[in-house]
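Since the structure comes first, as structure tokens, the remarks are kept for the end.
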Amino acid sequence: MASLVVVVALFAAGIAAEQYSHTRSAAVTATTSPPAKVVPAGPGFGDAVRDGKFQFVVSAMDCSRTSIGVERLKRTAAGKFCVISLSVRDIGDGTKYFIGYPQKARDASGGEYRIDELASLYANHGTDAFLKKLAPGKKATSSLVFDVPRGVTLATLELHDSPFSGGVEVTLR
């Protein structure tokens, strides 16, 4: 079990190093909403958004679970798990890895949440769905899992094609 976590962590670190060594993509093709007290509705469920060489479509969010996995491979939330389903398509001209850990969720007051990597591993039944090498034009589906306090409602998801990209925001309402 511990060795699996170490392997995933080392693999993710290698991908980050690979991304850092390449020139960062010029610009994010989708824009984010300007910061304001009243945030205008941006792209949401079912809308295609782009960051760098990836196109994302968020299809669903389920915040009803408190555990993920089976028997000994089970993760229990400190609060509740919000499982966000999405697809990722490589729209670039080269092979690229989709990795889960740069993705962030935020609540309405700006509280930020990182994915729970182990819960995401269990939800995806392995690393293939959230640590996926995509060829140009290919698409993968994935579930990103966030452990949030029980009273929190997630408002937005910030998606990145790499740890160093600008990101694009999707409204979760």
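The values are calculated or read from the model by the stated rules, or taken from the named source; none is laboratory data. Because the structure is predicted, anything quoted here is derived from the model rather than measured. In this analysis, Cβ positions are derived from the backbone assuming ideal geometry, glycine residues included, and neighbour counts consider all displayed protein chains. Accessible surface areas use protein heavy atoms only, side chains included; no ligands, DNA or RNA. Shrake-Rupley method; radii C 1.70, N 1.55, O 1.52, S 1.80 Å.
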Original post:
Spin-label point model (7 Å from Cα, Cβ direction): what's the K74 to T141 distance in nm?
Top reply: 2.6 nm
Original post:
Share of region 52-118's accessible area from carbon and sulfur, percent, 1.4 Å?
Top reply: 44 percent
**OP:** Compare K138, K53 by solvent-accessible area with a 1.4 Å probe and give them largest first, with all protein chains kept in place.
**Re:** K138, K53
Original post:
Which order do E71, E169, E112 take by accessible area at a 1.4 Å probe, largest first?
Top reply: E71, E112, E169
Original post:
Which value, in debye to the nearest 20, describes the size of the charge dipole of region 67-139 about its Cα centre when Lys and Arg Cβ atoms bear +1, Asp and Glu Cβ atoms bear -1, and nothing else is charged?
Top reply: 100 debye
Subject >> Amide H contacts of G167 (H built 1.01 Å from N, under 5 Å, at least 5 apart or other chain) >> reply: D161
**OP:** State, to one decimal in nm, how far the label point of S59 lies from the label point of H125, with both points 7 Å from Cα in the Cβ direction.
**Re:** 1.4 nm
Original post:
How much length, in nm to one decimal, is gained on full extension between T153 and D47, taken as 0.36 nm per residue of separation minus their Cα-Cα distance?
Top reply: 36.1 nm
**OP:** Work out, step by step, the length gained on full extension between S67 and K133: first 0.36 nm times the residue separation, then minus their alpha carbon distance; give nm to one decimal.
**Re:** 21.0 nm
**OP:** List every residue whose amide H lies under 5 Å from the amide H of T66, counting only residues 5 or more places away in sequence or on a different chain, with H placed 1.01 Å from N in the peptide plane.
**Re:** F81
**OP:** Assign one of three labels to region 113-173, namely rounded, prolate or oblate, based on the Cα gyration tensor with a ≥ b ≥ c the square roots of its eigenvalues; rounded applies when a/c is under 1.5, prolate when it is not and a/b is larger than b/c, and oblate otherwise.
**Re:** oblate
Original post:
With the other protein chains left in place, how much accessible area per residue, in square angstrom, belongs to region 93-173 at a 1.4 angstrom probe?
Top reply: 42 Å²
Original post:
Label points 7 Å out from Cα along the Cβ direction at D93 and E112: separation in nm?
Top reply: 3.3 nm
**OP:** Output ³J(HN,Hα) for region 45-51: one whole-Hz value per residue in order, computed from phi by the Karplus curve 6.51 cos²θ - 1.76 cosθ + 1.60 with θ = phi - 60°, and x for Gly and Pro.
**Re:** 4, x, 8, 7, 10, 10, 9
